[in-house]
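**Student:** Quick one: the structure is below, questions incoming.
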Amino acid sequence: MLDYIIIGTGPSGGNIAHNLFKAGANILLLEAGKLFNKKTFPRTEADTSAMLYWGGGIEFDTDAKMGFLRTRLVGGTSIVNQCLLDRFDDIAFNDWKAESGVQWFSPENLAPYYTKVENKLDLHTFTPSDMNKNAQLFTKSCDKIGVKWGYLRKGQNDCANDRGNDCMACLGGCHRDSKQSSYAGYLRDDITEGLNLQTETEVHQITTNGDTVTVHAFQQGRQVTFQAKNIVLAGGAFGTTKMLLQSGFKKQLPALGKNFSTHPQFMSFGLFDEEINAYKGYFQTVASKDPNLRKKGYKLENVFAPPISAAMLFSRTGSYHQDIMRNYTRMTCIEVAVRDENAGEIKVNNKGRLSVDKPFTEQDRRRRDEGRELIANILTNEGAKKVYASPFAVGLHLMGGSVIGANPAKAVVDPEFRLHGHKNIFVADSSIFPNAPGINPSLTVMALAQKLSDQFTGTTYDKQIPKQLSTESY
Amino acid sequence: MTSKYLSNSALKAINRIGDLMIPRNGEFPAFSEVGGITYIDELVSYAPGADIKDLNMLLTILAFMPTFVLRWLLGKMETAMENKGPLGPIFRQLDIGLRGLIFSCYYTEKVPTTFKGKKPLDIIGFQLTRVED
């Protein structure tokens, strides 16, 4: 019998599968999506949405005011995100500890796991020469009006930016294998070495019987089952929570589905007279790193959007739309990412489809509006003739739904990553986040996965805590 | 053209709505002139069967609506984010769904050879460079 079945291949599942495979465990890795590599990643924006995302590109909350981007391929979110890797700070961990009662949440206690992940991946902290004009204008204006900013740290090894490569292309998967996705960073070599990966396998139910867990799935249209001593759910907030809901765990665990948050992002574009070409070069090199904004519960990110996405963000059509798109290369863009309240709930409707309630609270609204106002100020100070604020909220960081906590009445997963009341079902992905940290979650997902991996393999650390390299600092 | 997934009526609806959303304007060609819809099966083929069925049904209904009704609908979609009524979520989903389909077929690298004009991506100046090694 298999030792472990790991369901999901993103930052959590990729890390755990790699560690268990290297430790010699008998494992099976399941993934609902397909396996792509640098040669087969889609090359157009439209294909990217259709091929790599659930819902043909976007899924909605029940009120359809927020769109969620959720990937479906080997490597999961780590294939399409910007691989920005920051540790969480005291603020994030203290809030997690307060909400969950899990005492080991602290930068110091997680440091060994962060370090292990950081040592495995290639990391690059951006420098002034990496900035494109979008970033240059942003930082100049921030300096002028007193907003602190900093360079971002990304998992990458050779983006060929000096040879003219445009990293916006890697939103559909990195065609250079430079981005340190869970595929490039962990799984690619393991697959070559014989890791048992089965793709296009969508799990819809989990059942337990004493020492055995059975996984029921549809594999390219046919029903299949697998059995193992243990399973690890790593499908992210939506995937993991959906599998648990469909398996009937809500009766035992009333918190299942609750406490969903997503760092909703609102983009604003500034129109200039001169050419900016914000889509050229590195896609994202700087962001606000301001203690005041951290306290206020939002941050500003210097980003941009490819043409279809940009067109979607403006709610108008006809000549108004064309006038905006005509100026695509003369636009800059900043988004506010809100540290939102975990007031959302993930459900499954009677057709077996996800149904996500994500109320936008008064506090969320205030943070968004403050952020937008500051962005308008920054863009105007940059010299923008006009500012377009998109009304649409996008949720990229899907968190919670199967939260960790000491109390089974309020949490789904116990402090040792076990489903409360079940000795052989484990979760260590973003679904266990007790609330929104306000910091990019990828590195911490991998650090938590590393902690669970070490729990499985019996790895311990001495009391010499490695030097903390790069906590998100303010 | 024909589609493996969408009916002829559905295709007709996409072109009609597309031309209302993106009419010919200055250097911009109208949606239907570009012909990006030719490759729509490549996008739709990844959707679940139930979603394709729903899309076909919706587009078929829209195909038979008079133009003034379609214009009214587009107006409702454009202001859907402010719509607090019970139909708000429906208009918002329609808005994102239809604009997603239309813009994906318009701002595309895949344009049939029969289109001799300047591609919308070229008009807006979007030329992504991939250094692949």
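The values are calculated or read from the model by the stated rules, or taken from the named source; none is laboratory data. Here the structure is a predicted model, which means the values were calculated and not measured. For neighbour counting, all protein chains shown are included, and Cβ atoms are generated from backbone atoms with ideal geometry for every residue, glycine included.
**Student:** Quick check on my filter: what residues within region A:231-247 are within 22 Å of the chain's Cα centre (by Cα) and either under 29 Å from A:R365 (Cβ atoms) or surrounded by fewer than 24 Cβ atoms within 10 Å (Cβ to Cβ) (or both)?
**Tutor:** A:G236, A:A237, A:F238, A:G239, A:T240, A:T241, A:K242, A:L245
**Student:** Related question: For region A:210-230, check the following and say yes or no: at least one residue is within 22 Å of the chain's Cα centre (by Cα) and either without any contact (Cβ under 8 Å) to a residue 40 or more places away in the chain or crowded, with 19+ Cβ neighbours inside 10 Å (or both).
**Tutor:** Filtering region A:210-230 down to residues within 22 Å of the chain's Cα centre (by Cα) leaves none.
Within region A:210-230, not a single residue is within 22 Å of the chain's Cα centre (by Cα) and either without any contact (Cβ under 8 Å) to a residue 40 or more places away in the chain or crowded, with 19+ Cβ neighbours inside 10 Å (or both).
**Student:** Do we have A:E301 as of a type in the set (D, E), more than 10 Å from chain B (Cβ to nearest Cβ) and surrounded by fewer than 20 Cβ atoms within 10 Å (Cβ to Cβ) here?
**Tutor:** Details: of a type in the set (D, E): yes; more than 10 Å from chain B (Cβ to nearest Cβ): yes; surrounded by fewer than 20 Cβ atoms within 10 Å (Cβ to Cβ): no.
No: the conditions fail for A:E301.
**Student:** Against the condition surrounded by fewer than 23 Cβ atoms within 10 Å (Cβ to Cβ), touching a Lys or Arg at 6+ places or on another chain (Cβ under 9 Å), free of Cβ contacts under 8 Å to residues at least 12 places away in the same chain and of a type outside the set (A, V, I, L, M, F, W, C), how does A:G164 come out, does it pass?
**Tutor:** Working: surrounded by fewer than 23 Cβ atoms within 10 Å (Cβ to Cβ): yes; touching a Lys or Arg at 6+ places or on another chain (Cβ under 9 Å): yes; free of Cβ contacts under 8 Å to residues at least 12 places away in the same chain: yes; of a type outside the set (A, V, I, L, M, F, W, C): yes.
Yes: the conditions hold for A:G164.
**Student:** If A:I324 satisfies all but one of (1) within 12 Å of another protein chain (Cβ to nearest Cβ); (2) buried (at least 18 other Cβ atoms within 10 Å of the Cβ); (3) within 24 Å of the chain's Cα centre (by Cα), what's the number of the condition it fails?
**Tutor:** Every condition holds for A:I324 apart from (3).
**Student:** Taking the residues in region A:417-467 that are on the phi > 0 side of the Ramachandran plot and at pLDDT 95 or above as candidates, determine which candidate is farthest from the chain's Cα centre (by Cα).
**Tutor:** Quick first cut of region A:417-467, residues on the phi > 0 side of the Ramachandran plot only: A:417, A:421, A:438, A:458.
Next, only the ones that are at pLDDT 95 or above stay: A:417, A:421, A:438.
Values: A:F417: 19, A:G421: 28, A:G438: 12 Å.
Among those residues, the one meeting the criterion is A:G421.
**Student:** Could you list, in sequence order, all residues of region A:248-288 that are in a strand (DSSP E or B) and within 25 Å of the chain's Cα centre (by Cα)?
**Tutor:** A:F260, A:S261, A:Q265, A:F266, A:M267, A:S268, A:F269, A:V286, A:A287, A:S288 - these are the residues of region A:248-288 that are in a strand (DSSP E or B) and within 25 Å of the chain's Cα centre (by Cα).
**Student:** For A:I91, work out the one condition from (1) surrounded by fewer than 16 Cβ atoms within 10 Å (Cβ to Cβ); (2) in contact (Cβ under 8 Å) with a residue 24 or more places away in the chain it doesn't fulfil.
**Tutor:** Evaluating A:I91 over (1) surrounded by fewer than 16 Cβ atoms within 10 Å (Cβ to Cβ); (2) in contact (Cβ under 8 Å) with a residue 24 or more places away in the chain leaves (1) as the failure.
**Student:** Which of the residues spanning region B:73-87 are out of contact with any Asp or Glu (no Cβ under 7 Å at 6 or more places or on another chain), more than 7 Å from chain A (Cβ to nearest Cβ) and either in a helix (DSSP H, G or I) or polar (S, T, N, Q) (or both)?
**Tutor:** B:L73, B:G75, B:K76, B:T79, B:E82, B:N83
**Student:** Taking region A:307-325 only, how many residues are β-branched (V, I, T) and over 14 Å from A:A389 (Cβ atoms)? Quick ask: steps written out before the conclusion?
**Tutor:** Residues of region A:307-325 β-branched (V, I, T): A:308, A:317, A:324.
Subset that is over 14 Å from A:A389 (Cβ atoms): A:308, A:317.
Number satisfying all stated conditions: 2.
**Student:** Just to check your reading of the model, which residue among A:A389, A:A376 is surrounded by fewer than 24 Cβ atoms within 10 Å (Cβ to Cβ) and in contact with a Lys or Arg (Cβ under 8 Å, 6 or more places away or on another chain)? Spell out the reasoning first.
**Tutor:** Details: A:A376 fails: in contact with a Lys or Arg (Cβ under 8 Å, 6 or more places away or on another chain).
Result of the check over A:A389, A:A376: A:A389.
**Student:** Another question, if that's okay. Inside region A:308-320, can you point out the residues that are at the interface with another protein chain (Cβ under 7 Å from one of its Cβ atoms), without any contact (Cβ under 8 Å) to a residue 60 or more places away in the chain and buried (at least 21 other Cβ atoms within 10 Å of the Cβ)?
**Tutor:** Matches in region A:308-320: A:A311, A:T317.
**Student:** Quickly run through region B:88-118 and pick out the residues that are closer than 17 Å to B:D19 by Cβ, part of a loop (DSSP other than H, G, I, E, B) and facing another protein chain (nearest Cβ under 7 Å).
**Tutor:** Within region B:88-118, B:Y107, B:T108 qualify.
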